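Values quoted throughout were computed directly from the atomic coordinates according to the rules given, and no laboratory measurement underlies them. Being a predicted model, the structure only gives us computed values, none of them experimental. Here Cβ is always computed from backbone atoms with ideal geometry, including for glycine, and neighbour counts include all displayed protein chains.
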Amino acid sequence: MQRRGSWLTRLRSYLLFLPIVYVYTGMLGTVALLVSIFDGTGRMQHRIAHIWASVILKTVGIRVRVSGLNNLHPPLSAIYAANHLSAIDIPVLYSSLPGQFRIMAKRGLFRYPFLGWYLKRSGQIPIVIGDAHASLRSLNRAGDALRKGMPLVVFPEGGRSATGCLKAFMGGAFYVAIRVQAPVVPMAIVGTYELLPMNSFHMIPGDVDLVIGEPIPTAGLRLRDAEKLAEQVRQVISELYDSVAKRTARVPASGSDTVANRQEELGS
């Protein structure tokens, strides 16, 4: 893989892209907070998040190609399970997925100014790792949202991949899916790692693919099948990712590259 970007693209990212992203986030975050006073459904806040995501991607020069949207029609009350490669993943999903959804996100994100305020006011669901009682409350909230017909986006790896390869999936979201008997829609995000890897502020323009797989039903499954379902979804996402990686010369999701080798290749 060629070295990622140059000193010129680094300067552009640090001096132009990052300040603009912060300004967009502050401005539209404030608007979303004000709107939340009058909009109890979250519809307008979600629309603002869509605008925020689209403007950021357009500013940086990131183009998203979406395939498999027909798998979300008619609209499903489902778990949308996606791999997690980059901070760009959330704008990719907000700009590309139809209709409202809620995100199951790590509680630490809820502490950030504007972003955290938006997450709280718009009904996103914090996930607490390492606290059994708090985790159970979060999973109960997720189940309630699904029963009311609201799709949930989850990154089952629990955080961004430092290597660009799929990590093991945690079972919490799949426990919720089985409990509510809601389907799981596997989604592969391909290309964001190359544009903005973990622990980097060096953003570069490029193409991203979002591949939406066929819903996986949970009817008839029992709670003890959550881990098996998690592995099934992981396998489907890996296959979706690899199908795109092969034709775009990206590293396969199941690749065995070491962190050091990947960082050296990307020039991080």
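For the stretch 118-218, state what percent of all Cα-Cα pairs lands in each successive 5 Å bin, counting from 0 Å until the bin that includes the largest distance.
Over the stretch 118-218, the share of Cα pairs per 5 Å bin runs 2, 11, 17, 21, 19, 16, 10, 4, 0 percent.
When only C-alpha pairs under 8 Å and at least 6 residues apart count, what is the relative contact order of the stretch 30-157, in percent?
Contact order relative to length: 32 percent.
Given [x] 63, 47, 41; [y] 53, 45, 37; [z] 71, 45, 38, which label gives Cα extents along the principal axes in Å as computed from the coordinates?
Entry [y].
Where both partners of a DSSP beta bridge lie in the chain, what percent of those bridges are antiparallel, to the nearest 5?
Of all bridge pairs located within the chain, approximately 20 percent are antiparallel.
If amide hydrogens are placed 1.01 Å from N in the peptide plane, which non-local residues have theirs closer than 5 Å to the one on ILE216?
VAL184, VAL185
Below 8 Å, C-alpha to C-alpha, sequence gap of six or more: please give me the relative contact order for the stretch 7-266 in percent.
It comes to 24 percent, rounded to a whole number.
Need the full-extension length gain, THR41 to LEU11, defined as separation in residues times 0.36 nm minus the C-alpha distance. One decimal, nm.
Here the segment from THR41 to LEU11 would lengthen by 6.7 nm.
Out of PHE155, TRP7, LEU33, whose Cα points farthest toward the positive end of the dipole of the chain (charges: +1 Lys, Arg; -1 Asp, Glu; placed on Cβ)?
LEU33
For the chain, with the dipole built from +1 on Lys and Arg beta-carbon atoms and -1 on Asp and Glu ones, taken about the Cα centre, which of PRO74, VAL184, LEU146 lies farthest toward the positive end?
Checked the options; the winner is LEU146.
Counting Lys and Arg as +1 and Asp and Glu as -1, each charge on the Cβ, what is the dipole of the stretch 6-95 about the Cα centre in debye, to the nearest 20?
300 debye
At q = 0.17, 0.26 Å⁻¹, what log₁₀ I(q)/I(0) does a Debye calculation on the Cα points of the stretch 1-66 give, no solvent, two decimals?
Taking Cα atoms of the stretch 1-66 as identical point scatterers yields -0.71, -1.09.
Could you work out how far the C-alpha centroid of the stretch 1-80 sits from that of the stretch 145-224, in angstrom?
When both Cα centres are located, 17 Å separates them.
Pick out the long, greasy-scoring helices in the chain: whole DSSP H runs spanning 24 Å or more along their own axis by Cα, mean Kyte-Doolittle at least 1.0.
Span-like helices here: 18-36.
Provide the gained length on full extension for the span GLN181 to ARG247, in nm with one decimal, where the gain is 0.36 nm per separating residue minus the Cα-Cα distance.
20.2 nm
Per residue, how much space in cubic angstrom lies within the convex hull of the C-alpha atoms of the stretch 32-115?
It comes to 125 Å³ per residue, whole-number rounded.
Estimate the FRET efficiency between GLU227 and LYS106 by the formula 1/(1 + (r/R0)^6), using the beta-carbon distance for r and 22 Å for R0, to the nearest 0.05.
After rounding to 0.05, the efficiency reads 0.60.
Please give, to one decimal in nm, the separation of the simple spin-label points placed at SER77 and ILE20, each 7 Å out from Cα toward the Cβ.
Rounded to a tenth, the inter-label distance reads 4.1 nm.
Of LYS58/LYS148; LYS148/LYS246; LYS58/LYS106; LYS58/LYS246, which ones are farther than 29 Å apart at the Cα?
LYS58/LYS148; LYS148/LYS246
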